[in-house]
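J.: Input: one structure, supplied below.
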Amino acid sequence: MRRALALVTAAVLIGGAQPALAVSTPTINAVTSGIELCPQTVCGAAIFAGVLKGQVGSNLNALGLFAVAVTHEPLPDPFQSAAITGGVFQFQVGLRQIKGVVLGGTLFNNGDNTFTVRAVLGITSGGSGQVIYTGLLNHNVFPPTVIGTLTQ
């Protein structure tokens, strides 16, 4: 009986286990819009700056600025991906600064001079945890633009 109870308990615990989700403190769920200030081929990192709007902590309507310098493999051919290899970022929302590192991600060439970007950002100052950036980099305009979302 004890063995059966132990097996049932183990099955419930294992079956109900969920992978730990990497979330940030403060909570960050925002949209971003920015421009590329300098390409990696010139500056050693692709440098972007822009605005963000959405939830930062308990402020559901936060408005702020972002800056990111990101490194990546050479831009991929159409319908291919390249790795995002690192970088740093900063969000400024009022007096709050949130800084961190780009842990990795991908650039996918959509075949029309745009790239789908997905990156994992690790917060090292002003909070903790991770945020996921998903966006669209448009090289059809000058300067190139980037729009996207920051989510838990």
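What follows draws every value from the coordinates through simple rules; no lab data is involved. In this text, all values refer to a predicted model and were calculated from it rather than measured experimentally. Quick reminder, even Gly has a Cβ in these numbers, built from the backbone with ideal geometry, and neighbours come from all protein chains shown.
J.: Using 7 Å Cα-to-Cβ label points, what is the Thr25/Asn140 separation (nm, one decimal)?
T.: Each label point lies 7 Å from its Cα, and together they span 4.4 nm.
J.: Right, another one. Cα axis of helix 2-15 to longest principal axis of the chain: angle in degrees, 0 to 90, nearest 10?
T.: Long axis of 2-15 versus the principal axis of the chain: about 10 degrees.
J.: Something else now. If I stretch the segment between Thr149 and Val51 completely, what's the gain in nm (0.36 nm per residue apart, minus their alpha carbon distance), one decimal?
T.: Details: separation 98, 0.36 × 98 = 35.28 nm, distance 1.13 nm.
Full extension from Thr149 to Val51 adds 34.1 nm.
J.: Report, in deg cm²/dmol and to the nearest 500, the calculated mean residue ellipticity at 222 nm for the chain, where each DSSP H run with n ≥ 4 adds -39500 (n - 2.57) and the sum is divided by the residue count.
T.: It lands at -3500 deg cm²/dmol.
J.: With charges only on Cβ, +1 for K and R and -1 for D and E, what is the dipole size of the chain about its Cα centre, in debye, rounded to 20?
T.: Here the chain has a charge dipole of around 720 debye.
J.: What does the charge count around His139 come to, taking other residues whose C-beta lies under 15 Å from its C-beta (Lys +1, Arg +1, Asp -1, Glu -1)?
T.: Once positives and negatives cancel, what remains is -3.
J.: Determine the relative contact order of the chain: mean sequence separation of Cα pairs under 8 Å and six or more apart, normalised by residue count, in whole percent.
T.: Once normalised by length, the contact order is 21 percent.
J.: Summing Lys, Arg as +1 and Asp, Glu as -1, what charge do residues with Cβ under 13 Å from the Cβ of Asn59 carry, Asn59 excluded?
T.: Net charge around Asn59: +2.
J.: For region 73-114, which chymotrypsin sites (Phe, Trp or Tyr not before Pro) pass both filters: DSSP loop (anything but H, G, I, E, B) and at most 13 other C-beta atoms within 10 Å?
T.: Loop-located and lightly packed - Phe79.
J.: Sticking with this one: Using alpha carbon centroids, what distance separates region 50-82 and region 93-141, in Å?
T.: 3
J.: Applying the Karplus parametrisation 6.51 cos²θ - 1.76 cosθ + 1.60 with θ = phi - 60° to the phi angles of region 53-64, what ³J(HN,Hα) value in whole Hz is obtained for each residue in order, glycine and proline being reported as x?
T.: 9, x, 7, 9, x, 7, 7, 6, 10, 5, 10, x
J.: Residue farthest toward the positive end of the dipole of the chain, with Cβ of Lys/Arg at +1 and Asp/Glu at -1: which of Gly57, Thr32, Pro144?
T.: Gly57
J.: Neighbouring Cβ atoms within 10 Å as the yardstick, rank Ile47, Ile147 fewest first.
T.: Numbers: Ile47 18, Ile147 14.
Sorted ascending by nearby Cβ count, the order is Ile147, Ile47.
J.: Of the beta bridges DSSP finds with both residues in region 20-151, what % are antiparallel, to the nearest 5?
T.: 100
J.: A further question follows. Could you run the Debye sum over the Cα atoms of region 26-152, one equal point scatterer each and no solvent, and tell me log10 of I(q)/I(0) at q = 0.19 Å⁻¹, two decimals?
T.: -1.01
J.: Moving to a separate point now. Provide Ser24, Ser33, Ser125 in ascending order of the number of other Cβ atoms located within 10 Å of each residue's Cβ, fewest first.
T.: Placing the least packed residue first, the sequence is Ser125, Ser33, Ser24.
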